[in-house]
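Written below as structure tokens is the structure these notes are about.
Values quoted throughout were computed directly from the atomic coordinates according to the rules given, and no laboratory measurement underlies them. Please read all numbers here as calculations on a predicted model, not as lab measurements. FYI the Cβ positions are ideal-geometry reconstructions off the backbone, even for glycines, and counts take in every protein chain you see.
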Amino acid sequence: MKRVFGSFNQQVVHHSKNLLEAAGIRVLIRNQYLSSAMGELPPAECQAEVWVLDDADAGRAEEVLRWKPPPGPDWRCSCGETLGGQFTQCWSCGAYRS
Ligand SMILES: [Zn+2]
């Protein structure tokens, strides 16, 4: 197994999985539910991750995933921080986008 993608954005991770499965690549998602543990685990451990079951598919998977999610408009956190649309969580206070 090989990790090909990771993100705090569950929707992006699921979208990636769908893209890969549409391309005939078998994948699974790890850490899908860990983001609720944010604050107790280091952030890097809380990313949802897409893994290919067969290492031989990793190169093709990375090509399939060579897309950028639409960033969307900036948003303002309740703490006053302005964040780019690609972020789902405030880096200043840790709050999730509502
Ligand atoms: Zn904030």
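Placing dummy labels 7 Å off each Cα toward the beta-carbon, the span from C93 to D74 is 1.8 nm.
Working note: Karplus 6.51/-1.76/1.60 with θ = phi - 60° gives segment 7-24 the couplings 7, 7, 8, 4, 5, 5, 5, 5, 4, 4, 4, 4, 4, 5, 5, 5, 8, x Hz, where Gly and Pro are set to x. Per-residue Karplus couplings for segment 82-92, computed as 6.51 cos²θ - 1.76 cosθ + 1.60 with θ equal to phi - 60°, are listed in order as 9, 10, x, x, 7, 9, 10, 9, 6, 7, 7 Hz, Gly and Pro entered as x. Quick one: which residues, 5+ away or cross-chain, put their amide H under 5 Å from the amide H of V4? H built at 1.01 Å from N. Close amide H contacts, sequence-distant or interchain: V50, W51, V52.
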